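Here is the structure we will look at, set down as structure tokens.
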Amino acid sequence: MATWRAGVATDSGKQRSSNEDRVFADDSHGIFLVVDGMGGHAAGEIAAETALDSVRANLSGLDSDRDVEDQVRAAITAANNAVRRLSEQKSEYGGMACVLTLAVAHSDHVTVGHVGDSRLYLAWNGELRKLTSDHSPVGEQEDNGEISEEEAMNHPRRNEVYRDIGSEWHNLDDTNFIETKTLLFRTDAALLLCSDGLSDTLTAAQISAVIERYEGDPSKVALQLVDAANRAGGKDNISVIFVPGPEFIGSNAASVAAARQRHAVTRIRPKARRWRSVVRTLVLLVVGMFLGIALWLGVQRFWH
């Protein structure tokens, strides 16, 4: 079983006075969660906090011998109804909701539970791939290739979602609510969970460029991603959980670059030796040819 060591960072951004995001990383149990609150007058913070507490409580007794997807679905459904219950009990919390992305690592697999437009990415072999769908009209267009990533990031309806935690009551068997999947997780890969404050500010290529510099400190990557989003405007709250596998290392890490340089030098040296050998052979051939011609001329003069 892999030993997890996540890097976590969250920030209000440059244009928001408060942070309605919540993050949770339990390395010992392999549970990682990003929640993005929605609603004015601090209600978004309450929604995110309520959902996080509910998920954490419901997964505290996670049983890897039972179907993990069922347990993830139950935890998220309970969180949804906890937020909905609170919003109905207090008028100042009316209409509050949140979106979330949950990853649970077990054995050599990861189970994902997702509602809304926060995201889960997989980094492997120098590439970054989005594993979750954006439950929003604009995100759906982007996922279907109808609009480009840049067009989606700048779309005026980008923040609209059609799935969330808390706006309606839900049951365990509700379809079109929670997106779940289980995938094999390689030890030389990495996971990135984030709120849309990151993915609406940085392109996948920009995110990948930071991740591929990783060489052992996951907290450094998380902080660098938040800093990059803030430098790009920081228009929303930004939250990041970076979870590298035990054998993951960035393709552009300094140690990898140094190894490439050493390899390039070792390739140049044999080539140089080969060229010296070729030149030496050619010189010997030319000298031998002239000696042969001189000998032949000498023999001709002798006989004549």
> Within segment 180-198, can you find the residues that are under 13 Å from residue 114 (Cβ atoms) and either surrounded by 19 or more Cβ atoms within 10 Å (Cβ to Cβ) or of a type in the set (Ser, Thr, Tyr) (or both)?
Replying inline: 180, 182, 191, 193, 194, 195, 196
> All but one of (1) open to solvent by 40 Å² or more (accessible area, probe 1.4 Å); (2) within 21 Å of residue 174 (Cα to Cα) hold for residue 38; which doesn't?
Replying inline: (2)
> Among the residues of segment 6-47, which ones are among the charged types (D, E, K, R), touching a helix residue (DSSP H, G or I) at 6+ places or on another chain (Cβ under 6 Å) and not in a strand (DSSP E or B)?
Replying inline: 14, 20
> Which one of these is crowded, with 24+ Cβ neighbours inside 10 Å and in contact with a Phe, Trp or Tyr (Cβ under 9 Å, 6 or more places away or on another chain): 72, 99, 115?
Replying inline: 115
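Residue-by-condition table, conditions (1) part of a loop (DSSP other than H, G, I, E, B); (2) in contact with a strand residue (DSSP E or B) (Cβ under 6 Å, 6 or more places away or on another chain); (3) touching a residue at least 24 places away in the same chain (Cβ under 8 Å):
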{"site": "54", "(1), (2), (3)": "no, no, yes"}
{"site": "66", "(1), (2), (3)": "yes, no, no"}
{"site": "85", "(1), (2), (3)": "no, no, no"}
{"site": "98", "(1), (2), (3)": "no, yes, yes"}
>> Among the residues in segment 133-145, are any under 22 Å from residue 33 (Cβ atoms), of a type in the set (Asp, Glu), crowded, with 22+ Cβ neighbours inside 10 Å and within 22 Å of the chain's Cα centre (by Cα)?
In response: yes
> Which of (1) surrounded by 15 or more Cβ atoms within 10 Å (Cβ to Cβ); (2) more than 18 Å from residue 170 (Cα to Cα); (3) of a type outside the set (D, E, K, R); (4) free of Cβ contacts under 8 Å to residues at least 40 places away in the same chain does residue 32 not meet, given it meets every other one?
Replying inline: (4)
>> Can you tell me which condition residue 53 does not meet? The list is (1) open to solvent by 50 Å² or more (accessible area, probe 1.4 Å); (2) under 24 Å from residue 248 (Cβ atoms), and all the others hold.
In response: (2)
> Of the residues in segment 160-176, how many are open to solvent by less than 100 Å² (accessible area, probe 1.4 Å), within 17 Å of residue 37 (Cα to Cα) and in a loop (DSSP other than H, G, I, E, B)?
Replying inline: 6
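The values are calculated or read from the model by the stated rules, or taken from the named source; none is laboratory data. Small disclaimer: the values here were computed from a predicted structure and weren't measured. As a convention, Cβ positions derive from the backbone with ideal geometry for all residues, glycine included, and neighbour counts pool all protein chains shown. Surface areas here come from the heavy atoms of the whole protein model, side chains and all, with no ligands, DNA or RNA. Shrake-Rupley method; radii C 1.70, N 1.55, O 1.52, S 1.80 Å.
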